[in-house]
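What follows draws every value from the coordinates through simple rules; no lab data is involved. Quantities reported herein were computed from a predicted structural model and do not represent experimental measurements. For neighbour counting, all protein chains shown are included, and Cβ atoms are generated from backbone atoms with ideal geometry for every residue, glycine included.
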Amino acid sequence: MAAVTSPETSPQPRVYFQTAAGGSTEETETPVRKQGRVTVKYDRKELRKRLNLEEWIIGQLTDLYDCEEESIPELEIDVDELLDMPSDDDRGARVKDLLVDCYKPSGDFVTELLDKIRGMQKLSTPQKK
């Protein structure tokens, strides 16, 4: 609330602002955007790569099984599991085992997948101290 003094009480008019009850002023502060918890624990760039890979896998599986995403058979291609394997031959065999129900040739998919995960980092959960 503003109060203006009259010219009789001072030579120049002045404006005074009264504070809200309790002496606190209400400030409209824009919130500071903090990094999400996930991106603090993991590298944002690596998460983006993983997300892009997962979207690519879903697209490829949709083509391989010739169906919509919701109709793809339940199978889990665990990238961390593949990264733990010692060789590309082992990784390729594991993916082919997962795609045993696929009637289309999956060799190109397996080769591309192995190329895409080469050099990726495992997203293991950090140890709490």
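Spin-label pair CYS67-LEU123: with each label point 7 Å from Cα along the Cα-Cβ axis, the two points sit 2.5 nm from one another.
P(r) tail, segment 56-126: Cα-Cα pairs separated by more than 18 Å, 37% of all pairs.
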